[in-house]
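Colleague: Quick one: this structure, given as structure tokens, is what I'll be asking you about.
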Amino acid sequence: MGRVIAVANQKGGVGKTTTAINLASSIAAAEVDTLLVDCDPQSNATSGLGLPKDPDRLSTYHLLMGEARGEDALQKTDLDQLWIVPAHKNLIGANLELIDVERREFRLRDALAPLRERFPYIVLDCPPALDLLTLNSLVAADSILIPMQAEYFALEGVSELLDTVERIRAALNPQLSIEGVVLTMFDDRTNLAQQVTAELDRYFGDKLCKTTIPRNVRLAEAPSHGKPVLLYDPRSRGAESYIQLAKEILGHYMPVEMPARENAPEDERQVVNAPRWKRWIKDRNKLTTINILDR
């Protein structure tokens with residue numbers, strides 16, 4: 001069964017959509033079938049992958065309202081193994097329309113259930129609010145990835161989100177876990193960033209992702225071209241960082257290497273089921289495959 005990861009933080013402007021787009025793209029570039037579900041009425045993940053806004057197209061709204069199957073709402077992207085369920089601004093109406101609906105918290109979970117066998121990884125881009133859309137996403141998810149900036153207001157927001165996670169575990173989704181906390185727009189030259197990182201490390205321990213996402217102009221430019229940064233500028237710091245983040249998350253679930261024999265020396269270790277990444281080589285105008293261990 002596929003793993004569903006919700007990218008969520010009720011604080012706005014922390015890089016949720018950027019992380020959802022580029023994490024899903026980096027996993028797909030490792031030749032793993034991946035689905036990105038846009039659960040935000042702003043539909044920035046949809047436009048960020050080059051899909052125009054279309055109110056007549058099947059979207060997350062239709063899944064939540066039971067008007068379409070997940071399979072029918074899939075849209076292809078420029079990456080061979082990445083699909084998206086798009087969103088539209090009409091999704092905001094679902095917050096009101098679902099109030100009196102039976103099993104309102106489980107609508108997205110039920111809609112995605114048939115897709116979990118097809119996609120090893122499903123990434124949910126959540127809105128910046130703790131509303132019914134975010135609640136549906138967290139009930140549908142196996143784990144939550146929390147992007148945040150290295151500032152103290154962000155610490156307060158995370159504490160509220162963790163309280164919500166505990167309530168959801170108790171009442172609706174006991175299996176929900178913390179995938180990790182990833183620092184975005186990170187500048188390690190500032191004392192504030194180092195202090196917040198130290199606080200997070202003390203609190204989250206190994207749940208704090210080793211990968212940090214730097215401030216990067218290419219990351220900001222890519223959505224205006226309707227591309228993930230991996231296709232827009234694969235040699236940028238932003239692209240490299242999200243490949244490393246994908247490698248770190250995939251490493252939680254996929255074996256990377258093992259000894260060729262018991263007590264074998266390091267140079268005799270063999271790769272088993274190691275994901276491989278595609279890199280865009282501009283001078284050759286094609287995608288080539290690189291081994292994850294080369295990163």
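Colleague: Those residues that are under 25 Å from S241 (Cβ atoms), touching a helix residue (DSSP H, G or I) at 6+ places or on another chain (Cβ under 8 Å) and of a type outside the set (D, E), I need them from the range 166-187; list them, please.
Modeller: I178, G180, V181, V182, L183, T184, F186
Colleague: Enumerate the pairs (first residue in the range 86-100 and closer than 10 Å to S43 by Cα; second residue anywhere and among the charged types (D, E, K, R) and open to solvent by 100 Å² or more (accessible area, probe 1.4 Å)) with beta-carbon separation below 7 Å, excluding pairs fewer than 6 apart on the same chain, so at least 6 apart or on different chains.
Modeller: That search, which allows pairs on different chains as well, returns H88/K53.
Colleague: If you don't mind, there's one more thing I want to ask. I'm told V85 meets every condition in (1) modelled with pLDDT of 95 or more; (2) surrounded by fewer than 19 Cβ atoms within 10 Å (Cβ to Cβ) except one. Can you identify the failing condition by its number?
Modeller: Only one criterion is unmet by V85, namely (2).
Colleague: For the range 87-200, which fully contained helices (runs of 4 or more DSSP H) count at least 1 residues that are under 16 Å from V7 (Cα atoms)? Before you say what the answer is, go through the steps one by one.
Modeller: Working: elements: 94-97, 107-112, 132-140, 152-171.
By residue number, 107-112, 132-140, 152-171.
Colleague: Check Y203 against each of (1) open to solvent by 10 Å² or more (accessible area, probe 1.4 Å); (2) assigned to a helix (DSSP H, G or I); (3) touching a residue at least 40 places away in the same chain (Cβ under 8 Å) and name the one condition it does not meet.
Modeller: (3)
Colleague: Let me ask something else about it. Looking at (1) of a type in the set (A, V, I, L, M); (2) at pLDDT 95 or above; (3) farther than 15 Å from L63 by Cα; (4) in contact with a helix residue (DSSP H, G or I) (Cβ under 6 Å, 6 or more places away or on another chain), which one does L145 not meet, given that it meets all the others?
Modeller: Result: L145 passes all but (4).
Colleague: Would you check which residues across the range 21-78 are of a type in the set (S, T, N, Q) and outside any helix (DSSP H, G or I) and list them?
Modeller: Answer for the range 21-78, where residues must be of a type in the set (S, T, N, Q) and outside any helix (DSSP H, G or I): T34, Q42, S43, S59, Q75, T77.
Colleague: What tally of residues in the range 1-46 results from selecting those that are among the small types (G, A, S) and crowded, with 24+ Cβ neighbours inside 10 Å?
Modeller: Residues meeting the conditions: 9.
The values are calculated or read from the model by the stated rules, or taken from the named source; none is laboratory data. Computed from a prediction, not measured in an experiment: that's the story for all the values here. No Cβ is skipped: glycine too gets one built from the backbone with ideal geometry, and neighbour counts run over all protein chains shown. The protein model used for the area step is the full one, side chains on, heavy atoms only, and it has no ligands, DNA or RNA in it. Shrake-Rupley method; radii C 1.70, N 1.55, O 1.52, S 1.80 Å.
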